[in-house]
Amino acid sequence: MSKQLDVYVLDRLVGVLSDQGQHYVFNYMPDTPPNYLVSLTMPVRLESYVWQRSLFPFFQQNLPEGFKKDVIRQRLGPHADVTDWGLLALTGKNVIGRVRVVPHGTAITKTFSHIEVAAILASEDSQSSLLRYLNEGVLEGISGVMPKALNSSADAKTTVWTDELILKTGTQELPGLAINEYLCLEVARAAGLDVPQTALSDDGQVLAVERFDRKLQQQFALEDFCAIAAFDPVNKYRCSLERLIDLHNEYVVSERRQESARQLYKLIVLNYALHNGDAHLKNFALVYTHYDDAFLAPIYDVVTTSAYPHLEDKPALSLLGKKAWWMGKQLRLLGTTRLSLLARDVDEIELKIHQAIDQVMPVLAAMTERYSYFRETGKRMLVEWSSGKQDITATAKKRVESKADVLEGYNLSDVKARKKKTVANPDSPFKMKK
């Protein structure tokens, strides 16, 4: 495997990444324009960038994860290099964003996916159709955790991108995950957040999301906050909302900061209202075309994780030194102090989220009736959303509406008692109860 990789931005060679054994080095080409930066944390300069630990965090953000490494090893043989360096060399030319990486001296060529998206979304078993494509296209730069076998989706969520779409499916241990995310994104859209276009397969098993790194024939850089914080992906939960906001304020220029801050605060409060316990650093990102136009990325990966009783029911990132579902009072202080929002801004955001949840809850109830495998998950989502609306208010103290009352309002009061479940696979994308 080559110890040097060529790095391209918008199909222009901008630098060389080298593995020096004890550390990694990245050098820009002398004539690289300032706006062809690889990362916000690595602006164009003549001096070398040196990283003493693992691979530079930016170059890790799109690497294949989990069982995918085993699939690559099976395809290439027992001696395949599935280190971060090896995976980057294999898959770096087909990633989200505008940066591509290939072995040194290799011609940069565009590849195009051959997946029939419409056929998958309309198939009788969309999940199996998507997994079959994943198995066949494992070396096409697809990131995400892959199930252990095509006939068993019980281990992890799966994500694949095409030239225009990102396709996602759930698991047996997370029933209705695609529907869950689809509905959460509809709430985000109704609340005024920037949400890509989405479509759900006929059987509800696969969610298609429009790629937002390509818009109006322009390609955007995408950088998640795990990379911006200089964390390896394994540390995506080891951070606070305060630190997330500090990084946002550092890299979003003052001219764009107020509106981006409003969007970030709205997303944080939405995650609390919907009880999304998987809002870690990789699920927040910035998009940009120049160093000085970074802005909060469109919304993605929002799920009501509390709808799955075996998952750890607490936020992914801490606030005030603790991972807890804080009430509206603490959230408002975060908005007014850390993000410098006005009281009327936080009032308006709270109202928008309330209205958005009210708008989508009837759709959620209808989905609960339509898909039998989603029924119990959907009912728990109704309860969590109803309670979440109250939790984010300035005067919230405790949940006042009972589970039975919420479900009775949608003629779903035959909810079954929760059964204690065994701990799920530790390779699951979400953290489990201990």
Check on Leu274, modelled with pLDDT of 95 or more and surrounded by fewer than 17 Cβ atoms within 10 Å (Cβ to Cβ): no
Restricting attention to the range 249-266, which residues are in contact (Cβ under 8 Å) with a residue 60 or more places away in the chain and either under 18 Å from Val38 (Cβ atoms) or buried (at least 22 other Cβ atoms within 10 Å of the Cβ) (or both)? Tyr251, Leu264, Tyr265, Lys266
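Among the listed residues Leu331, Leu382, Leu311, Leu286, identify the single one that is touching a Phe, Trp or Tyr at 6+ places or on another chain (Cβ under 7 Å), modelled with pLDDT under 95 and crowded, with 20+ Cβ neighbours inside 10 Å. Write out each step before concluding.
Numbers: Leu331 fails: modelled with pLDDT under 95; Leu382 fails: modelled with pLDDT under 95; Leu286 fails: modelled with pLDDT under 95.
Among Leu331, Leu382, Leu311, Leu286, only Leu311 is touching a Phe, Trp or Tyr at 6+ places or on another chain (Cβ under 7 Å), modelled with pLDDT under 95 and crowded, with 20+ Cβ neighbours inside 10 Å.
Rundown of residues vs (1) in contact with a Cys (Cβ under 7 Å, 6 or more places away or on another chain); (2) outside any loop (DSSP other than H, G, I, E, B); (3) among the polar types (S, T, N, Q); (4) at pLDDT below 85, yes/no style:
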{"residue": "His114", "(1), (2), (3), (4)": "no, no, no, yes"}
{"residue": "Glu124", "(1), (2), (3), (4)": "no, no, no, yes"}
{"residue": "Ala156", "(1), (2), (3), (4)": "no, no, no, yes"}
{"residue": "Glu186", "(1), (2), (3), (4)": "no, yes, no, no"}
{"residue": "Leu193", "(1), (2), (3), (4)": "no, no, no, no"}
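Taking the range 265-297 as the region of interest, how many residues are β-branched (Val, Ile, Thr), assigned to a loop (DSSP other than H, G, I, E, B) and in contact with a strand residue (DSSP E or B) (Cβ under 6 Å, 6 or more places away or on another chain)?
Let us first name the residues in the range 265-297 that are β-branched (Val, Ile, Thr), namely 268-269, 287, 289.
With assigned to a loop (DSSP other than H, G, I, E, B) added as a condition, the list becomes 289.
Still in the running and in contact with a strand residue (DSSP E or B) (Cβ under 6 Å, 6 or more places away or on another chain): none.
Of the residues in the range 265-297, 0 are β-branched (Val, Ile, Thr), assigned to a loop (DSSP other than H, G, I, E, B) and in contact with a strand residue (DSSP E or B) (Cβ under 6 Å, 6 or more places away or on another chain).
The values are calculated or read from the model by the stated rules, or taken from the named source; none is laboratory data. What you are looking at is a predicted structure, and each value in this text was computed from that prediction instead of being measured. Glycine gets a Cβ as well: all are built from the backbone with ideal geometry, and neighbour counts include every protein chain shown.
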